[in-house]
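Bear in mind these aren't lab numbers, they're just calculated from the coordinates by the rules spelled out. Remember, it's a predicted structure, so these values are computed and weren't measured experimentally. Cβ coordinates were reconstructed from backbone atoms using ideal geometry, including for glycine residues, and neighbour counts include every protein chain displayed.
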Amino acid sequence: MINLRILKAYLQQNCMVTLKELSELFQVAPDTLRPVLELHFVHKERLVQVKAETHACGNLCGACSLENGANRELYYWRSKPRLNAINNF
């Protein structure tokens, strides 16, 4: 089970993390962690998901394969929710 307080504190402290990093740290599969992040943080506009479009080597030439999807999924912590999210409460 994931402790949401610890997860939130980690996200706030590190600002930008990959799904793979969170998965390894909390010892939870990426497919299990993704909906938790979505429900508790992304939906409330505290966390933003960004898909990185870089290759494993860091170049865009396509000579190597793309990295593991969990490694390309970035999340960054938004210090303040957007105004329209506040008005929905």
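With θ set to phi - 60°, apply the Karplus curve 6.51 cos²θ - 1.76 cosθ + 1.60 along the stretch 22-38 and write out the HN-Hα couplings as whole Hz, x wherever there is a Gly or Pro.
5, 4, 5, 5, 8, 6, 9, 4, x, 5, 8, 6, 3, x, 5, 4, 4
According to a simple spin-label model (label point 7 Å from Cα along Cα-to-Cβ), what is the distance in nm between residue 4 and residue 32?
Inter-label distance under the simple model: 1.8 nm.
Select from the stretch 3-54 those GluC sites (Glu not before Pro) which occupy a DSSP coil region and have at most 16 other Cβ atoms within 10 Å, ordered by residue number.
Those that pass, being in a loop and sparsely packed, are 45, 53.
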